[in-house]
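J.: Following this message is one structure expressed as structure tokens.
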Amino acid sequence: MVYSSRGLALLLAFCIAFITTLFLSLFRSIDVSALLVAFVISFSVSYLLIFVVLEFLIFREINKVYKLVTKLKKKELSKLDKQKPSSLNPLKTINEDIFSFAELKQKEIDELKKIEAFRREFIADVSHELKTPIFAAQGFVHTLLDGAVNDKTVRTKFLKKAAKSLDGLDVLVQDLLTLSHIETGQIKMHFESIDMYKLTEEVFEQFEEKGEKRSIRLRLEGAENKAIVYADWQRISQVMTNLISNAIKHSHDDSDVVVSFDVSKKNVVTHVRDFGEGIPTEHQTRIFERFYRVDKSRSREKGGTGLGLAIVKHILDGHNTRAEVVSVPAKGSTFSFKLPRIKPEPADSGDKNDHHKNDH
Ligand code: ADP
């Protein structure tokens, strides 16, 4: 850059000096030595001026590029170290920059490695979970084919067991799809004003029969039009379904499952409480992980996929909130989550959520 600007300055200065000398030579009074001096002076002055101007222009362009590069660099490095003072020694600064950049890239590589390990672990878990019901159904069908089909009582029993395994498989695949859709952002949240009391009543309807069979009373505390929140009806319905289903599954026969609300000025905290087996403290932080179960075989026996609470966690993440659990072994558990409250509208709020009844 410097050489080309010098060359250009030389050329332009020479042209200017030449034109000036040519112009002066028109005057007869000026002799050759004076013309020579004029040439040298005009050449030197023009050269200096042009060179300085060119350098200034080039410097300005370089500065622009440098600023852009610094901006880009800052963006990358700000992730790494915000407070790092820049050194006055340029070589040291470059050295530090390279080091920081390498460190940043290493962090990214580590992150990718973690994701890859997580993906592998997930595939292994899913394969294992899918294998269990498939193998069970396969076993029953082969036993039937090997002769059991001729015995009417055994036939019905085995077919029922195979059907149960396949139903479990269906639930598992549905849960996996839900989870994957939420994680990949394919499900868009549809936020609106919803009545938690009404929503819970609807969810209770699904479990009435199940509850009655084991004399589990589903109780709803509070009143309509009090616990109005800003959330996605269908997703929160799924959260309540999973929590209430778990509460029933882990309750003792002839006990209560209670849903209640703490309504404050800004929020509504929903509690789902059971008086069942409870969760040992060491498991409480892990139950929201995929496929984590306190008792694997018992969970499967009860039709659990190990994904219910992971789905709850993801949906609540999408609502910028999370579930809390308070549980005492042999006494019961309470799962709670907070949602932003909306003040009820005076006149028409009564039927506000009726359109959802047949939506899902
Ligand atoms: P699952 O399909 O096995 O119920 P979840 O993700 O819903 O899977 O729950 C994870 C584990 O947390 C369950 O296997 C169970 O051990 C425990 N759990 C969840 N809810 C309750 C509850 N209300 N009472 C006792 N244990 C519970």
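J.: How about region 135-234: which GluC sites (Glu not before Pro) there are in a DSSP loop, with at most 14 other Cβ atoms within 10 Å of their Cβ?
T.: GLU221
J.: Give a quick list of chymotrypsin sites (Phe, Trp or Tyr not before Pro) in region 4-35 that DSSP marks as loop, anything other than H, G, I, E or B, with at most 15 other Cβ atoms within 10 Å.
T.: PHE27
J.: Here's something else I'd like to know. Place a label point 7 angstrom from the Cα of ASP317 along the Cα-to-Cβ direction, then list the residues of region 180-197 whose backbone nitrogen is under 16 Å away.
T.: Within reach of a label on ASP317: 180-189.
J.: Which of the residue pairs LYS131/LYS198; LYS161/LYS210; LYS313/LYS343; LYS113/LYS313; LYS161/LYS296; LYS157/LYS213 have a Cα-Cα distance greater than 28 Å in the structure shown?
T.: Pairs exceeding the cut-off: LYS131/LYS198.
J.: Among bridges DSSP assigns within region 119-265, what percent are antiparallel (round to 5)?
T.: 55 percent
J.: So what's Rg/Rh here for region 122-183, counting alpha carbon atoms and using the Kirkwood radius for Rh?
T.: In region 122-183, Rg relative to Rh is 1.14.
J.: Provide GLU96, GLU289, GLU301 ordered by accessible surface of protein heavy atoms (probe 1.4 Å), highest first.
T.: Putting GLU96, GLU289, GLU301 in descending order of accessible area: GLU301, GLU289, GLU96.
J.: Okay, next question. Provide, in order from the shortest bin, the percent of all Cα-Cα pairs of region 84-192 in each 10 Å bin, continuing until the bin that contains the maximum pair distance.
T.: 12, 21, 18, 16, 14, 9, 6, 4, 2, 0
J.: Still on this model: Can you give the accessible area of ARG217, probe radius 1.4 Å, in Å² rounded to 10?
T.: Here the residue's solvent-accessible area equals roughly 110 Å².
J.: From the P(r) of region 6-79, can you give the percent of Cα pairs sitting at distances over 16 Å?
T.: For region 6-79, the fraction of Cα-Cα distances above 16 Å is 62 percent.
J.: Work out the P(r) tail for region 191-359: percent of alpha carbon pairs separated by more than 25 Å, whole number.
T.: Pairs farther apart than 25 Å: 29 percent.
J.: Let me ask another. Any idea of TYR197's accessible area? Nearest 10 Å², probe 1.4 Å.
T.: 40 Å²
J.: In terms of the Cα gyration tensor, with a ≥ b ≥ c the square roots of its eigenvalues, is region 15-54 rounded because a/c is under 1.5, prolate because a/b exceeds b/c, or oblate?
T.: prolate
J.: Let me ask another. Which whole number of Å³ per residue matches the convex hull of the alpha-carbon atoms in region 257-313?
T.: So the per-residue hull volume is 110 Å³.
J.: Let me know the volume per residue of the alpha-carbon convex hull for the chain, in Å³.
T.: Convex hull volume per residue, Cα atoms: 309 Å³.
J.: Run the dipole for the chain about the Cα centre, Lys and Arg Cβ at +1, Asp and Glu Cβ at -1, nothing else charged, and hand back the magnitude in debye, nearest 20.
T.: With only Lys, Arg, Asp and Glu charged at Cβ, the dipole is about 1020 debye.
J.: Further question: Below 8 Å between Cα atoms, with a sequence gap of 6+, how large is the relative contact order for the chain in percent?
T.: Worked out over the chain, it gives 12 percent.
The values are calculated or read from the model by the stated rules, or taken from the named source; none is laboratory data. The structure displayed is predicted, hence computed values, not measured ones. Here the Cβ is made from the backbone with ideal geometry for all residues, glycine too, and neighbour counts use every protein chain on show. Side chains are part of the model used for accessible areas, which takes the heavy atoms of the whole protein and leaves out ligands, DNA and RNA. Shrake-Rupley method; radii C 1.70, N 1.55, O 1.52, S 1.80 Å.
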